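Colleague: Questions regarding the structure given below will be posed in turn.
The values are calculated or read from the model by the stated rules, or taken from the named source; none is laboratory data. These numbers come from a predicted model, not from an experiment. Here Cβ is always computed from backbone atoms with ideal geometry, including for glycine, and neighbour counts include all displayed protein chains. The protein model used for the area step is the full one, side chains on, heavy atoms only, and it has no ligands, DNA or RNA in it. Shrake-Rupley method; radii C 1.70, N 1.55, O 1.52, S 1.80 Å.
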Amino acid sequence: MAEIKVPELAESITEGTIAQWLKQPGDTVEKGEFIVELETDKVNVEVISEEAGVVQELLAAEGDTVEVGQVIAVVGEASGSSTKSPVEADPAEADAPVKDVEAAPKQQAAAPAPVAKEESSSTERTIASPAARKLAREKGIDLQAVSTVDPMGRVRVQDVEAHSNAPKQAPAAPAAPAAPKAAPAPKAADDRVKREKMSRRRQTIANRLLEVKQSTAMLTTFNEIDMTNVMALRSRKKDKFFEDHDVRLGFMSFFTKAVTSALKKYPYVNAELDGDEILLKQFYDVGIAVSTEEGLVVPIVRDTDRKNFAEIEATIGELAKKARDKKLQISDMTGGSFTITNGGVFGSLMSTPILNGTQVGILGMHTIQKRPVAIGDEVQIRPMMYVALSYDHRVIDGKDSVGFLKTVKELIENPEDLLLES
């Protein structure tokens, strides 16, 4: 018999939430097979079973918070599964000589106990998530009476909640015919609101964003970039680039290289405040914000000063895929020195991005929009992008913030200079 415990997740993470049980009591599990998915502040972690056998018991329900080292499930040997326990409980019956074939059916008919036991355990045989079972026990609901929309017939928490709400009004109608007609008014208002518990990751994101807003002197400065030249260069080179490197040439590599060059020129934007000391980082690890179903995550592209365009594009693509497949590791998201976020992919024209953790700068890219622009004495229609730099004014003055953003603008508008610097 083996205990499934919450493993060490990371130095700063001491607990997690049961996101989904991948095995249920009675299911067979192989050694090294995933048994449960945990949601932590930063990533989802799948926990394996160290022993092959049968899942005997789940000690935590989906949605429960569990701590590192806590036992959350028990796996026993296959031979010890509950399906064989009735035979072991009555060895005399197994060893008894067969004298009368008709005696056994008569014995079973005379004993009502097994039937009662079967009826009492019918709820246990209903397919339901641990969280649904827990809620049903608390509310005193028979799971067999709960309707479910799941095609596999599995009862979920939402089904139990819907069942617990619906019957409460039905019995009230016969007792007092006049009263129930007045009661639905407040209930109708409640039905228009769906209450949903925030996921652990959403709570973490909310707390950290609030902490940044309250603990930094954050300010945002804006500029706009004429994307004509970089778009033309990308259009000319993208096919050859793909043939040579098997990766597509996007705008993110241009902005990453431009940011890296600007960080070298304005080192305080690549810093961190630690008490009354400023930590000037001598490395360039740029975080690229990626949107997932669970929320925004920021994996890090390491050593952007040493990577070429193809390496940056390949790394961004790999990290984005890991993020969407929930395969990111804690090490993929720690230690960044600056962040780039691109609201333009959702159509955002302008925004003020919030600083990421202890970093003092973040660049916000936005959608490319054709606008009339004065070029010399002429007005031309150009593809323009607004960019925003949010920064911690305690570390960075206006001169450095404006100079940093102006450097990024100049490099993107003259991509040949960017290629020479790389």
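Colleague: Could you pull out the pairs from Lys265/Lys399; Lys264/Lys409; Lys23/Lys326; Lys240/Lys326; Lys5/Lys139; Lys213/Lys406 whose alpha carbons sit more than 23 Å apart here?
Modeller: Lys240/Lys326; Lys5/Lys139; Lys213/Lys406
Colleague: Would you mind working out the accessible area per residue for region 235-289, using a 1.4 Å probe, and quoting it in Å²?
Modeller: Value for region 235-289: 55 Å² per residue.
Colleague: Say each of Glu410 and Met1 gets a label point 7 Å from the Cα, pointing the same way as Cα to Cβ; how far apart are those two points in nm?
Modeller: 7.3 nm
Colleague: Taking the mean number of other Cβ atoms within 10 Å as a proxy for protection, how do you rank 317-328, 405-416 from highest to lowest?
Modeller: 405-416, 317-328
Colleague: Determine the relative contact order of region 332-422: mean sequence separation of Cα pairs under 8 Å and six or more apart, normalised by residue count, in whole percent.
Modeller: Dividing the mean separation by the residue count of region 332-422 yields 23 percent.
Colleague: Whole Å is fine, so just give me how far the alpha carbon centre of region 34-71 lies from that of region 1-31.
Modeller: One Cα centre to the other: 2 Å.
Colleague: May I ask you to order 343-353, 51-61, 251-261 by the average number of other C-beta atoms within 10 Å around their residues, highest value first?
Modeller: 251-261, 51-61, 343-353
Colleague: Points 7 angstrom from Cα along the Cβ direction at Arg137 and Phe242: gap in nanometres?
Modeller: Here the modelled spin labels are 5.6 nm apart.
Colleague: At 0.36 nm per residue, and after removing the present C-alpha to C-alpha distance, how many nm does the segment from Leu296 to Asp27 gain when stretched out fully?
Modeller: 93.4 nm
Colleague: Roughly how many nanometres apart are two label points built 7 Å out from the Cα toward the Cβ at Asp397 and Lys197?
Modeller: The modelled label-to-label distance comes out at 5.1 nm.
Colleague: With every protein chain left in place, what is the accessible area of Arg156 in Å² (1.4 Å probe, nearest 10)?
Modeller: 80 Å²
Colleague: Please give the Cα centre distance for region 212-280 versus region 353-368, rounded to the nearest Å.
Modeller: When both Cα centres are located, 10 Å separates them.
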